[in-house]
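Structure record follows, encoded as structure tokens.
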Amino acid sequence: MDFLTLIQVFDSTVRLSTPLLLACLAGLFSERAGIFDIGLEGKMLMAAFFSAAIASVTGSVWLGLLAGIAASMVLAGLHGLASITFRGNQLISGVAINFLAAGMTVLIAQDWFRQGGRTPSLIGGGRFGGLEFPGAIGPADAEATGRPVSELIAGTNPLHQVYSDLISGHSILVYVAFLAVPATWWVLFRTRFGLRLRAVGENPAAVDTSGVSVVGLRYAAVAICGLLCGIAGAYLATALQAGFVKDMTAGRGFIALAALIFAKWRPWQAMWACLLFGFLQAIALRYQNIDVGGVVIPVQVMDALPYILTVVILAGFVGKAIPPRAGGEPYVKER
Amino acid sequence: MDKMPKWADVVLIPLISLILAAALSALVILAIGEDPVAAVRLMVSGALGSTYGWGYTLYYATNFMFTGLAVAVAFHARMFNIGGEGQAMLGGLGVALMCLYVPWPHWTLALIGASTLAALFGAAWAAIPAWLQAKRGSHIVITTIMFNFIASAVLNYVLVNLMRPQGSMDPATARFPEPVHLPTLHELLAPIGINFSKAAPANVSLLVAVAACVLVWLLIWRTRLGYEIRAYGHSETGALYAGISPVRITMIAMLISGGLAGMMAINNVMGEAERLVLNATEGAGFIGIAVALMGRSHPFGVFLAAILFGFLYQGGAELALWTSIPRELIVVIQALVILFTGALDNMVRMPLEKLFLSLRKGRA
Amino acid sequence: MTGTSPAIELRGISKAFGPVQANKDISIRVMPGTIHGIIGENGAGKSTLMSILYGFYKADAGEIFINGKRTEIPDSQAAIAAGIGMVFQHFKLVENFTVLENVVLGAEDGRLLRPSLAKARKILGELAVEYELNVDPDSRIDRIGVGMQQRVEILKALYRQADILILDEPTGVLTPAEADQLFRILDRLRAEGKTIILITHKLREIMEITDTVSVMRRGEMTATVRTAGTGPDELAELMVGRKVLLRVDKAPASPGKTVLEVQNLRVRDQQGVERVKGIDLTVRAGEILGVAGVAGNGQSELLEVLGGMRPGAGTVMLNGVPLALEGRGSDGQSRRAAGLAHVPEDRQREGLIMEFHAWENVAFGYHHDPAYQRNAMLMDNAALRRDTQAKMEKFDVRPPDPWLTARNFSGGNQQKIVVAREIERNPDLLLVGQPTRGVDIGAIEFIHRQIVALRDQGAAILLVSVELDEILSLSDRIAVIFDGRMMGERLPAQTDETELGLLMAGVSGKAA
Amino acid sequence: EPALIFDLGGKFDKSFNEAAFTGAQRWADETGGSFREIELQSEAQREQALRRFAEAGANPIITMGFAMADPLSNVAPDYPDTKFVVVDVTWIAGDNIRQIGFAEHEGSYLVGMLAAMASKSGTVGFVGGMDVPLIRHFGCGYAQGVKSVSPDAKIIANMTGTTPAAWNDPVKGSELTKAQISQGADVVYAAAGGTGVGVLQTAADEGILSIGVDSNQNHLHPGKVLTSMLKRVDVAVYDAMKAGGEVETGVFVLGLAEDGVGYALDDNNAALISPEMKAAVDAAREQIISGELKVTSYYENDSCPVLDF
Ligand SMILES: Nc1ncnc2c1ncn2[C@@H]1O[C@H](COP(=O)(O)OP(=O)(O)OP(=O)(O)O)[C@@H](O)[C@H]1O
Ligand SMILES: Nc1ncnc2c1ncn2[C@@H]1O[C@H](COP(=O)(O)OP(=O)(O)OP(=O)(O)O)[C@@H](O)[C@H]1O
Ligand SMILES: [Mg+2]
Ligand SMILES: [Mg+2]
């Protein structure tokens, strides 16, 4: 792989990691507060649909984003209702939410647009475009010089190549996702809210008897989870793609969950895990079969690699992943 | 005293949950501008109005009995096996290998051979998550989800690169030879003078599934192993005290669960498609969750719930065919059933418990 | 604040958990600057009452007055605001947080953490000096002992400037020395005018430190008296509702051959901490060996290893045959096959499956018994139910209905089912853990008599109990365990509570 | 009443299936008739859909895509009175089946010429859907067209996947396009069903030209889609519906001569196709029809003379 190709692969890694990262941080907030969430996938899907639908109807991607977030937060609220208020099984609730999203998106899409469960393609202001950084080479330069971007980039120095291709040119949500990592770290470890959030995932009774509302904290965590999943879904439909197609999350919610376990519920590690999984996807997308030193790795192995790695982690071969202690358990005071 | 009489727990709560799910589904249908009554009528006539409809309803129900039992057995040992889908896929591989590469003289032998390998493959696919749960404490829900994805990658590879016949474009195995053809209900019922639709895929696997229900019932409530599974499911420390090995029970329960899920393949792969295609399971592994929840993990409940979901599935297919309601409606209904009977169980239970408590106090 | 208005007044508090009435119309008054004791049997409702005062549970009925003012306490926040602090029976600490973080949690000064932590560190230092409550603020909770953890809980309350401090069974997990230190602190707090409510089972502690004492029984407040005007006998009587006669009539033991021989037994818990550190003991046929000790000193682990519930290392011989301590043959089934029976410490978590019918529970652990099998595959449930009926009648389990689920029996009757199941096996060795915990006096007598009868039939019995009375009245020999080691052995006739208490605290008194 | 079964890409894939829908809709509009339709969701449904329509008396039953070959050969004999039509299948037995194939290599040859003429970099791309001979057949014709114009042009060919999911994976289409652009491609031909939507989108975003497939996709990004390789599935479906239950069975292969394939020229791309380009392509078209020019088919010996896949 030459240098330019490598940049290209990393560039696509960043794009593909973004939804994973947003969903992974979403899961991090929820699970750190003791609410397991296997419904990341469903929330993303719902958000993807509503963001695309509203963006295509109104022509404004920002309204689409809001709609996506709202839809995801409704599902998050449902998960909260089931697992916090009614102290139900969080895993079952997550499964239900995934199905609900898979079904409802197509049902509503069909009802609204009659295009076989998709939204119309988004054009112009209905999509997030790339942010062109100052001094970076982009389509504008190509138009000005009349030469293709690839040629322009190939002709410049490596640092400028990295800047133009890898750093610049992504949609704003990509930068949001990566900025969310330090923000998450800061909130979790440097604020009162973070301390309480982490405590409620470890021992809700301690939080309760300290005079802080367990229910309130957990709903807050679940709401943040909904917000981030909403952005993730909106990114899929309005930035990575141009419109909603059925099941477009394609297991990303589960990969995000895998990344979360991989990262052992820590924000920076979550970013690295998501980048790794994004990288695997980028490779698998580009190359059907990868030749590593004479051994041909079929694309199916690349597709399955995130899942296999997660199992290996869970098996404890790469260190044990210990989830928040109160995770998955409803907080029950009176039997 | 219990907070509620047993019948309320076993019958009333699922019933109310079901009614809630149905009411919400009706609202959904209304919201997309269709008539729920007409939709139900269409579903009933499409799924139950002809032997053709029944044939499909029972065909789907057969799938769901296997996967529902799989989830139920694991539930009894307090494990949530979301991996039925992957286990059933692998079961399909087992069936395909048996049917394609062994020259069976008669379908009965083929059925035995195929069921065995399907169960073995399904169980093997459950074994790793089970082992990780038992020995390493890795959460079985996460590992089985991961194994679903890995299973579909495996199947994909096998179908695309290994088992696809020369020159064929679709990723599917060759058609199974004639001797392994399983008799359909049409063929089974014709000798006794019942004219069952020839086109419907319900086949002799239905009887195997019903037998599996009975066997699982015996296993859970009449054998020592079942006793140990239930005891372990209720209390792990209790199991330790009684000398019931958690590792052993976890493994055995998951192997049985995976085996049952794998056996679904005799219905959809051997009985219906007669070749292995991608995504042959069509989400039946997940529906097993709803079926087990609805059926309160009891084989008889699973049997009834499987038929209900078979009806929903076939009825939903009919809806998709004759109206503009997409097939996804059944996914929504399935989600609502899981939501109400599983996650929101307490929403129904808590007021009911209060009601029964006050009734009792009133009487006392 | 006038001297006449009580610091705490509860009026007509009632609380039901589903069908269980935990508190019935309870009223008490506690004057400021006093220590008020609450005693009562297990399950009497003491913790529930205090949790209501602390806003952890919501009462179904009743009013709370703090310093004479009617106060709504819907949650712990309100309780803290009203100046109440509580140290729960089961600590409420975040295990993987530091001491400092635990103290600050919920009492932060602002949205940012650092200033709060800095301030807490300073105040903690001051409190440590003032009350001799030294704890390293940066240690993680799961790395410090229970005594330390309790200090953290007290510090939490003091940090929140509590004027009223509730302590729920604080000494259950403490050694006598630690308990003494705690009482010194309580004394000082009282001197400062703080009001303290102390829940305990130990009459000695009540007599030692409280000013007034309330007695609870079955959810009701049966009496409140001045400590100075009462004595242990009266309190005990108030507690159980009738005269207590904790004397078991038993003939002297006639020990036979050695049944159980334990040498250098070592046990680790799940975290890898060694809980049993080389124990030797023997139990002979026809005798009861009582193991006394403060809870948490390794006696539970000892029972669990012998009962096949967890692995250990060392030598254990039953009837001269070595028992496997880990791997194959070390499980409960093999132990039972070797002639051992086990009444576990916790009937609800271990001895019974609460969701099972009584008849299913009677087979629990013995479900491989050929008498319960119909054929190679199926169990003979009918035979099992007949057997259950017989056992229930013999042991006077009420109601004698095999179809009732275990959950629906009262605690005492649950215990009778377990005891019946184990004793009726006629084991060579019976392990008994806390046989009468939470069991009423009538059932206690019955169960004690069954144990003695089994001994008289020639069984060897290893009894573990935290109740010294029980140990003293049942045992033929007494061994005291402290910190995973045996401190020594005494004959009941030649020792008393004081000596045993010292041994339990790790002080080898007369041994020297 | 005729029935139409769409393949997994879905009715609105803007490509193969949508072409069929367009044809059916045209028939319905013209005759006022109505037709049954279903979009398959999974492999396992194929047979059920066929049987359900046959049971309900639909005739003819029109199915899309080679994946229907096997289920159809299984079901058709059970319903001898029903006529089945299958697009992209030409090799199965059954005398109540109308099998329609297209000479996709001929149409692809023409758009390949256009691509080569429009390319400034001398590098063009091809994004295929599922890696099956049919799609290689597209790619091979395209490559020959490109080479006929500029013999040293570079052709980058990628396939989306190995399963039917490859027909509906716009994200992957988009990533593959980005990769090809970075390798210098400035015209990309998408023969990938719904995946092509992502290809065309990315090409438009990145300022290069794309070529659509099956339906006329020029309107998706006006001025940015060079042309579309038309595969007149719509005509095939229209004809079949028009013929109704009397539809002629047998194997039919439609090429340039039958107007079964072609390239799209409309207002959206008029500015992109210069008169010289049009003249060259039209000339080639005549030559192919007359047999003067032979475009090698991938099927001939399962390989392509000018392109390695
Ligand atoms: N959270 C709860 N849910 C349901 N029942 C409860 C709960 N807590 C206590 N109970 C029941 O209420 C009754 C009183 O319990 P409580 O814990 O107050 O007793 P206690 O006097 O503190 O006993 P102990 O001495 O064992 O601590 C018991 O029957 C108990 O089973
Ligand atoms: N957790 C529970 N769930 C349901 N019912 C319970 C529960 N705990 C207690 N009960 C019911 O409440 C009744 C009283 O139980 P409790 O254990 O307080 O009895 P008790 O008066 O202490 O008797 P004993 O002296 O035998 O322990 C029991 O008969 C039982 O039916
Ligand atoms: Mg208590
Ligand atoms: Mg009791």
Point to revise | For the stretch A:67-98, residues shielded by at least 50 square angstrom of accessible area compared with the chain on its own, probe 1.4 Å | key: A:86, A:91, A:92, A:95, A:96
Check your understanding: Which value in nm describes the separation of the simple spin-label points at residue C:17 and residue D:292, placed 7 Å from the Cα toward the beta carbon?
Key -> 9.6 nm
Review point. Based on the Cβ-Cβ distance of residue C:507 and residue C:128, what FRET efficiency does E = 1/(1 + (r/R0)^6) give at R0 = 45 Å, to the nearest 0.05?
Key: 0.95
Review point. Between chains A and D, what is the buried accessible area in Å², counting both sides, with a 1.4 Å probe and ligands, DNA and RNA left out, to the nearest 100?
Key: 2200 Å²
Study note, to complete from the structure: Sorted by accessible surface (1.4 Å probe, heavy atoms of the protein chains only), largest first, A:156, B:108 come out as B:108, A:156
Point to revise | Cβ-based charge dipole, the stretch C:304-391, positive-most Cα from C:342, C:362, C:313 | key: C:362
Review point. How far apart, in nm, are two points set 7 Å out from the Cα along the Cα-to-Cβ line at residue A:112 and at residue C:355?
Key: 4.2 nm
Check your understanding: Label points 7 Å out from Cα along the Cβ direction at residue A:295 and residue C:497: separation in nm?
Key -> 7.2 nm
**Study point:** Separation between Cα centres of the stretch C:28-72 and the stretch C:305-384, rounded to whole Å
**Key:** 43 Å
**Study point:** Set of lysines near residue D:120 by C-alpha distance (under 21 Å), chain-local residues within fewer than 8 positions excluded
**Key:** D:147, D:154, D:178, D:224, D:278
Review point. So what is the accessible area of chain A per residue, in Å², with the probe set to 1.4 Å?
Key: 33 Å²
Point to revise | For the stretch B:8-26 versus the stretch D:1-71, the gap between their alpha-carbon centres in whole angstrom | key: 37 Å
Exercise for review: Could you sort the residues of the stretch A:1-34 by number and keep only those whose accessible area is reduced by 30 Å² or more in the all-protein-chain setting relative to the chain alone, 1.4 Å probe?
Suggested key: A:8, A:15
Point to revise | B versus D: buried accessible surface, summed, Å² (probe 1.4 Å, to nearest 100) | key: 2500 Å²
**Study point:** Chains C and A, summed buried accessible surface - 1.4 Å probe, Å², nearest 100
**Key:** 2300 Å²
Check your understanding: Accessible area, 1.4 Å probe, largest first: how do C:20, C:343 sort?
Key -> C:20, C:343
Check your understanding: For the stretch B:220-229, in order, what is each residue's ³J(HN,Hα) by Karplus, 6.51 cos²θ - 1.76 cosθ + 1.60 with θ = phi - 60°, in whole Hz (x at glycine and Pro)?
Key -> 6, 10, 10, 10, 4, 4, x, 4, 5, 4
Review point. Tell me, what is the per residue accessible area of the stretch B:1-145 in Å², probe radius 1.4 Å?
Key: 37 Å²
Check your understanding: Quick one: accessible area per residue over the stretch C:8-240, 1.4 Å probe, rounded to a whole number of Å²?
Key -> 41 Å²
Study note, to complete from the structure: Descending accessible area (1.4 Å probe), largest on the left, turns C:391, B:354 into B:354, C:391
Exercise for review: Could you pull out the pairs from C:156/C:202; C:58/C:156; D:14/D:172; A:333/C:202; C:119/C:156 whose alpha carbons sit more than 20 Å apart here?
Suggested key: C:156/C:202; C:58/C:156; A:333/C:202
Point to revise | Förster radius 51 Å - calculated FRET efficiency between residue A:147 and residue C:374 (Cβ-Cβ, nearest 0.05) | key: 0.05
**Study point:** Extended-chain gain in nm, criterion 0.36 nm per residue less alpha-carbon gap, residue D:267 and residue D:26
**Key:** 84.6 nm
Practice item. Would you tell me the mean number of C-beta atoms belonging to other protein chains that fall within 10 Å of each C-beta in B:169-175, as a whole number? Key: 6
Review point. Are there chymotrypsin sites (Phe, Trp or Tyr not before Pro) in the stretch D:105-139 that DSSP marks as loop and that have at most 13 other Cβ atoms within 10 Å, and which are they?
Key: none
Practice item. Mind checking A:237-249 for the average number of partner chain beta-carbons within 10 Å of each residue's beta-carbon? Key: 4
Check your understanding: Rounded to a whole number, what % of the accessible area of the protein assembly as shown do carbon and sulfur atoms account for, probe 1.4 Å?
Key -> 58 percent
Check your understanding: Span-like helices, chain A: DSSP H, alpha-carbon axial extent 20 Å or more, mean Kyte-Doolittle 0.0 or greater, which ones?
Key -> A:3-32, A:40-58, A:61-80, A:90-113, A:172-190, A:214-235, A:267-286, A:299-314
Review point. For chain C, which DSSP H helices look membrane-span-like by this rule: Cα extent along the axis of 24 Å or more and mean Kyte-Doolittle of at least -0.5?
Key: C:113-131
Review point. Over all residues in B:275-282, what is the mean tally of Cβ atoms on other chains that come within 10 Å of each residue's Cβ?
Key: 5
Point to revise | Filtered GluC sites (Glu not before Pro), the stretch D:177-264: DSSP coil and at most 16 other beta carbons within 10 Å | key: D:248, D:258
Review point. With charges set only on the Cβ (+1 for Lys and Arg, -1 for Asp and Glu), what does the dipole of chain A come to about its Cα centre, in debye to the nearest 20?
Key: 1080 debye
Exercise for review: For the stretch D:16-101, run through the chymotrypsin sites (Phe, Trp or Tyr not before Pro) and keep only the ones in DSSP coil with at most 14 other Cβ atoms within 10 Å of their Cβ.
Suggested key: D:91
Review point. Taking the Cα centre of each part, how many Å lie between the stretch A:131-196 and the stretch B:194-241?
Key: 56 Å
Point to revise | Of B:354/C:92; C:277/C:391; D:11/D:294, those spanning more than 32 Å from alpha-carbon to alpha-carbon | key: C:277/C:391; D:11/D:294
Exercise for review: Evaluate E = 1/(1 + (r/R0)^6) for residue A:312 and residue A:132, where r is the Cβ-Cβ distance and R0 equals 41 Å; express this FRET efficiency to the nearest 0.05.
Suggested key: 0.50
Exercise for review: Please name the residues of the stretch B:119-135 whose accessible area, counted over protein heavy atoms with a 1.4 angstrom probe, falls by no less than 20 Å² between the chain alone and the full protein assembly.
Suggested key: B:132
Practice item. Be a star and scan the stretch A:120-138 for residues whose amide nitrogen sits under 16 Å from the point 7 Å along the Cα-to-Cβ vector of residue A:172. Key: A:124-134
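The values are calculated or read from the model by the stated rules, or taken from the named source; none is laboratory data. Only a predicted model underlies this, so the values are computations on that prediction, with no experimental measurement involved. All Cβ positions, even for glycine, are placed from backbone atoms using ideal geometry, and neighbour counts span all protein chains on display. Quick note on the areas: whole protein, heavy atoms, side chains included, nothing else; ligands and nucleic acids left out. Shrake-Rupley method; radii C 1.70, N 1.55, O 1.52, S 1.80 Å.
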